[in-house]
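K.L.:
Submitted below is the structure of interest, expressed as structure tokens.
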Amino acid sequence: MLIRFGTTENTLVLLKMGANFSPFIVQAQEWWRLLTAAFLHIGIQHIVMNGITLYFLGMELEKLMGHWRFTVVYLVAAIGGNIFSFAFSESVSAGASTAIFGMFASIIVLSKMYPHSYALKQRATSYTVLIILNVLTGLTSSGIDNWGHFGGAIYGALITLFVGLTIKSKISSKERIFALVIVAILTVLLVMYGIYKYS
């Protein structure tokens, strides 16, 4: 398929393959782009860098959370980041970075939910620094979807509050349900704003 169309470093190819692009989502009703964009990358370097991060961070988080919790966090952060990008960015975007930022945020939230874990605290500190550095890089560089990164972190944090771990945390059931409600409300507001903006 790629041989037929060209490489994913070409904007037209990205659009054909399912990149996130707000006008297409609204005007052509291509809502599936909010998911497919998370599995599409812009060139070899992009997919290699994200792949390495996903391999190590993903193994760590999946061991902590289990298969289904990890899958929920990954997909919600991936789609949520793309929803933020849909609402606030007019550029073509793609990549697993929305999910990666959600996974970083997930570790940070878990360190607060389970403060007795020294290992989680150490990792949370490192990932907080990584998020800050990446945001600063995004502000000074073109071609980086900061809205997607920010949204992925927000959604990753909120959904982690809801799913947690199998062991009891300092977060109550009511607080967990509240986090899920916030995810739902935030999604509706962002989608409505995007539709209004690009209609």
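The values are calculated or read from the model by the stated rules, or taken from the named source; none is laboratory data. Since this is a predicted model, take the numbers as computed values, not measurements. Cβ atoms come from the backbone with ideal geometry, glycine included; neighbour counts cover every protein chain shown. Keep in mind that these areas ignore ligands, DNA and RNA; they rest on the heavy atoms of the full protein, side chains included. Shrake-Rupley method; radii C 1.70, N 1.55, O 1.52, S 1.80 Å.
K.L.:
State the number of lysine pairs found in the chain whose Cα atoms come within less than 17 Å, restricting to pairs 8 or more positions apart or on distinct chains.
P.N.:
Pairs that pass both the separation and distance tests number 7.
K.L.:
Can you tell me the FRET efficiency between MET192 and GLN122 if r is taken as the Cβ-Cβ distance and R0 is 35 Å, rounded to the nearest 0.05?
P.N.:
0.30
K.L.:
Percent relative contact order of the range 1-126, based on C-alpha pairs within less than 8 angstrom and at least six residues apart?
P.N.:
29 percent
K.L.:
Hey, what's the range 105-199 come to in accessible area per residue, 1.4 Å probe, Å²?
P.N.:
59 Å²
K.L.:
Let me check something: with ligands and nucleic acids excluded, how do TYR196, TYR74 order by accessible area (1.4 Å probe), largest to smallest?
P.N.:
TYR196, TYR74
K.L.:
Under 5 Å between amide H atoms, partner at least 5 residues away or on a different chain: which partners does GLU30 have, H built in plane at 1.01 Å?
P.N.:
Correct list: ILE25.
K.L.:
Helix 118-140 versus the longest principal axis of the chain: what is the Cα-based angle in degrees, 0 to 90, to the nearest 10?
P.N.:
Orientation of helix 118-140: about 30 degrees from the principal axis.
K.L.:
Let me ask something additional. By how many degrees, 0 to 90 and rounded to 10, does the Cα axis of helix 173-198 deviate from the longest principal axis of the chain?
P.N.:
Result, in degrees: 10.
K.L.:
7 Å from Cα along Cα→Cβ at both ILE132 and LYS168: what's the point-to-point distance in nm?
P.N.:
Taking the two extended label points, one gets 3.5 nm.
K.L.:
Would you list GLU30, GLU9, GLU175, GLU62 from the most to the least accessible area, probe 1.4 Å?
P.N.:
GLU9, GLU175, GLU62, GLU30
K.L.:
Can I ask one more? For the range 18-128, what percent of Cα pairs sit more than 19 Å apart?
P.N.:
Of the Cα pairs, 48 percent sit more than 19 Å apart.
K.L.:
Give me the net charge of ARG176's neighbourhood, meaning all other residues with Cβ under 14 Å from the Cβ of ARG176; Lys, Arg count +1, Asp, Glu -1.
P.N.:
Spelling it out: positives minus negatives among the neighbours equals +4.
K.L.:
Okay, next question. So for the range 103-156, Kirkwood radius off the Cα pairs, Stokes-Einstein at 4 °C and 1.567 mPa s: how many µm² s⁻¹?
P.N.:
111 µm²/s
K.L.:
Could you tell me which label, among (1) 52, 35, 32; (2) 66, 31, 30; (3) 48, 40, 28, carries the value of Cα extents along the principal axes in Å calculated for this structure?
P.N.:
Answer label, from the structure shown: (1).
K.L.:
Compute the distance from the alpha-carbon center of the range 184-199 to that of the range 117-175, in whole Å.
P.N.:
Their Cα centres are 23 Å away from one another.
K.L.:
Another one. What do you get for the angle between helix 44-65 and the principal long axis of the chain? Use alpha-carbon atoms, 0 to 90 degrees, nearest ten.
P.N.:
It is inclined by approximately 30 degrees.
K.L.:
In the range 46-67, which residues have a backbone nitrogen under 18 Å from the label point lying 7 Å from LEU180's Cα in the Cα-to-Cβ direction?
P.N.:
66-67
K.L.:
Using only the Cα atoms, work out Rg/Rh for the range 87-179, with Rh taken as the Kirkwood radius, to two decimals.
P.N.:
When Rh is taken as the Kirkwood radius, the ratio is 1.03.
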